[in-house]
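Here the structure comes first, spelled out in structure tokens, and everything after it is commentary.
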Amino acid sequence: MREDRAINQQLDSITETDKQKLSPVNQSILKIWGPSRLQGKINISGAKNSALPAMAATLLSSGVCRLRQIPCLADINTMGKVLSALGAKIKQNGNTLDIDARDLDNPEAPYELVRQLRASFFAIGPILARLGVARVPLPGGCAIGARPVDLHVRGLQALGAEVHIEHGMVNAYISGSKKRLQGAKIYLDYPSVGATETLMMASTLAEGETIIENAAQEPEVEDLANLCIAMGANIFGAGTKTIVISGVPKLHSVDYTIIPDRIEAGTFLIAGAITNSEITIAPVVPKHLSAVISKLQSVGLKIIQDKSDSLRILPSEILKSTDIDTQPYPGFPTDLQAPFMALLSVCSGSSSVTETVFENRMRHVSELNRMGANIRVKGNHAIVEGVPKLSAAPVIGTDLRASAALILAALAAEGETTFQGLQHLDRGYEQLEIKLQKLGAKLERVDLVKENDIFPASI
Ligand code: EPZ
């Protein structure tokens with residue numbers, strides 16, 4: 001993780017941008033009435049963070065690829081537009097995508113789309129491996145950090161690509177007649193999920209063997225490897241710190257189902273915990289949630305595994321404080337830091353939360369405090385003093401997981417919360433309010449169509 005004063009100045013400007021974006025004109029908001037008691041079973045969608053690299057990986061194939069259990073999300077739509085702009089043909093049927101990249105011919109990903117979805121940068125590896133050249137705009141930072149791509153770039157250079165960054169564009173090409181990347185030994189300074197995925201995809205078509213050391217071990221990395229293996233790639237060790245790839249000339253068609261979303265699953269477990277409810281979530285891979293389950297148990301909750309792919313959380317009157325340090329997998333996931341902090345805000349005692357992965361992922365704290373939480377932040381470290389209950393308030397989400405945290409807090413808070421920031425939530429949670437309504441939560445999406453609606457004009 002990198003700290004940098006320039007980053008914070010840049011992020012402050014993002015805050016200003018957030019304010020302009022969040023003006024109530026033509027804006028939908030969520031109204032949430034609490035406190036809620038939930039009950040029932042929730043269907044967990046396919047993993048967003050598997051689906052996005054998996055879509056990029058289909059660019060490697062010389063056949064037609066079918067991806068199943070793809071969540072219907074704004075980010076998926078944006079990634080689909082990127083692939084289409086590159087020359088792929090896409091058909092969507094509910095949660096199934098058919099992607100035909102046989103006629104891939106455009107090496108340049110459009111800036112307007114990469115600006116909206118930084119994960120589209122992951123396409124650089126497959127484009128380069130297929131076409132011998134790739135031009136992908138440098139993805140900007142976002143609300144949670146500067147999000148540099150230096151590890152991606154250095155890895156591609158190790159694989160034999162010439163890479164130059166100018167005018168905000170990453171230009172990569174393979175010199176020489178073969179136009180083929182060369183296998184190499186790569187050590188990642190940080191177990192970056194995206195860099196591991198970019199380099200693993202690029203090396204599937206390289207000449208020779210590639211070894212990625214200090215690789216990310218996230219389940220989504222392993223899922224991507226399994227997809228590529230199903231397409232004919234030779235990949236060993238995905239899900240561990242060392243991944244070995246032996247390049248092949250071509251990859252073929254595939255019909256593949258991605259894994260369930262462990263972050264959505266964890267979000268719903270926390271929804272059960274914060275509302276003192278018994279709910280069941282499925283399908284899940286329990287192993288992917290070990291760190292989250294362990295922390296929920298420290299807080300005093302019981303988690304039952306009824307079947308191989310389902311979990312049930314039991315309510316607990318007493319919620320105890322605990323400490324969280326976010327870490328790369330298998331540590332506690334950074335994407336559940338904000339939702340878990342919402343829970344800690346109503347756990348008795350003092351909890352500490354340390355964010356070690358991103359440099360600016362505490363922006364939900366000020367909004368939680370407006371709901372009556374008692375949280376002090378110093379840098380990437382927060383101390384949460386539990387309060388007996390939260391109170392409803394108008395709140396604004398600044399990023400995807402901060403928004404989820406505020407929705408969870410609103411489910412437990414007394415009164416009517418109005419939430420702005422659906423443009424963030426719709427990026428990463430499939431039908432969140434519909435799933436919560438099915439569990440008995442009282443919330444609804446309301447369209448604000450004019451300036452003088454009930455919501456304050458700015459934050
Ligand atoms: C992926 O982002 C996820 N996104 C993130 O989920 C997730 O939080 C993150 O992994 C960590 O688990 C997708 O998979 C689409 P990283 P990614 O590269 O790949 C630094 C969500 O809410 N770094 O592991 O961008 C970086 O600045 C999103 O669903 C470099 O310094 O994460 C950060 O501090 C948010 N140089 C750290 O590594 C690089 O070249 C972790 O980033 C790359 C990363």
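Annotations
- Hits in the range 306-340 (condition: within 16 Å of the ligand (Cβ to nearest atom) and touching a Leu at 6+ places or on another chain (Cβ under 7 Å)): 339
- Considering the range 137-146, the residues that are modelled with pLDDT under 85 and assigned to a loop (DSSP other than H, G, I, E, B) include one that is farthest from the ligand (Cβ to nearest atom), namely 140.
- In summary, helices (runs of 4 or more DSSP H) completely within the range 248-367 and bearing 1 or more residues that are among the hydroxyl-bearing types (Ser, Thr, Tyr) and in contact (Cβ under 8 Å) with a residue 40 or more places away in the chain occur at 262-274, 290-299.
- Hits in the range 368-399 (condition: part of a strand (DSSP E or B) and over 21 Å from residue 143 (Cα atoms)): 374, 383, 384, 385, 391
- Cβ pairs under 6 Å, 6+ apart, first in the range 184-213 and more than 19 Å from residue 53 (Cα to Cα), second of a type in the set (Asp, Glu) and away from the ligand (no atom under 13 Å from the Cβ): 187/213
- Of the residues 162, 197, 213, the single one that is away from the ligand (no atom under 13 Å from the Cβ) and within 26 Å of the chain's Cα centre (by Cα) is 213.
- Against the list (1) modelled with pLDDT under 95; (2) away from the ligand (no atom under 16 Å from the Cβ), the condition residue 119 fails is (2).
- Inter-residue pairs, beta-carbon under 7 Å, first farther than 11 Å from residue 268 by Cα and in the range 39-51, second in a helix (DSSP H, G or I) and more than 16 Å from the ligand (Cβ to nearest atom), 6+ apart: 40/438
The values are calculated or read from the model by the stated rules, or taken from the named source; none is laboratory data. None of the values given here were measured: they were computed from a predicted structure. No Cβ is skipped: glycine too gets one built from the backbone with ideal geometry, and neighbour counts run over all protein chains shown.
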